[in-house]
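Inspection log for the structure reproduced underneath, given as structure tokens.
The values are calculated or read from the model by the stated rules, or taken from the named source; none is laboratory data. What you see is a predicted model; the values in this text were computed from it and never measured. Glycine also receives a Cβ, built like all others from the backbone with ideal geometry; neighbour counts cover every protein chain displayed.
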Amino acid sequence: MNITLTKSAADKITEAMIKDHRNAWNTPNLLFRIHAEGGGCSGMQYGFSIEDTIQEDDTMIEQHNIKMIVDPFSYPYVDGVILDFEKKLFSSSFVIKNPNMQGSCGCGTSFAI
């Protein structure tokens with residue numbers, strides 16, 4: 001699997017892991033799940049979660065000390081993506097750049113492959 005995690009995104013994920021699990025002794029063992037699910041006006045959308053267990057059929061890759069996991073359904077939708085975190089004047093957010101995307105909605109939250 002090929003997912004590129006930028007340093008900016010990795011820093012924000014690490015910050016979220018520490019903030020959401022500040023009382024957990026095992027923060028370095030947390031996993032960042034990226035998944036695709038049905039929804040939005042173009043048919044699919046991405047989702048993220050922080051988890052502490054990996055499922056038997058998950059694929060895991062590690063970049064910038066972040067362990068990312070992907071389920072088999074999501075695999076074809078996230079293969080080849082670049083996950084970045086962009087800071088703008090009035091907002092900041094995770095941005096997924098998918099070279100395989102064939103279309104997206106006007107608001108940019110859903111996509112089609």
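Residues checked against (1) at pLDDT 75 or above; (2) over 19 Å from residue 53 (Cα atoms); (3) assigned to a helix (DSSP H, G or I):
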| position | (1), (2), (3) |
| --- | --- |
| 2 | yes, yes, no |
| 16 | yes, no, yes |
| 19 | yes, no, yes |
| 22 | no, no, no |
| 25 | no, no, no |
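When segment 4-14 is limited to residues that are of a type in the set (Val, Ile, Thr) and in a helix (DSSP H, G or I), the one that is surrounded by the most Cβ atoms within 10 Å (Cβ to Cβ) turns out to be 13. Within segment 37-78, the set of residues being within 17 Å of residue 5 (Cα to Cα) and aromatic (Phe, Trp, Tyr) comprises 46, 48, 75, 77. For residue 92, the test of being closer than 17 Å to residue 9 by Cβ, in contact with a Lys or Arg (Cβ under 6 Å, 6 or more places away or on another chain) and either modelled with pLDDT of 85 or more or not hydroxyl-bearing (Ser, Thr, Tyr) (or both) is failed.
Beta carbons closer than 7 Å, at least 6 apart along the sequence or on distinct chains, pair a first residue in segment 87-113 that is of a type outside the set (Ser, Thr, Tyr) and in a loop (DSSP other than H, G, I, E, B) with a second that is exposed (fewer than 12 other Cβ atoms within 10 Å of the Cβ) and modelled with pLDDT under 80 for 113/102. Residues in segment 72-85 that are surrounded by fewer than 20 Cβ atoms within 10 Å (Cβ to Cβ) and in contact with a strand residue (DSSP E or B) (Cβ under 6 Å, 6 or more places away or on another chain): 82, 84, 85. Cβ-Cβ distances below 6 Å connect the following pairs, each with a first residue in segment 52-74 that is in contact (Cβ under 8 Å) with a residue 60 or more places away in the chain and closer than 17 Å to residue 14 by Cα, a second residue that is among the small types (Gly, Ala, Ser) and not in a strand (DSSP E or B), and a separation of six or more residues or different chains: 66/10. When segment 53-69 is filtered for residues that are in a loop (DSSP other than H, G, I, E, B) and not charged (D, E, K, R), the ones remaining, listed by number, are 53, 54, 55, 64, 65.
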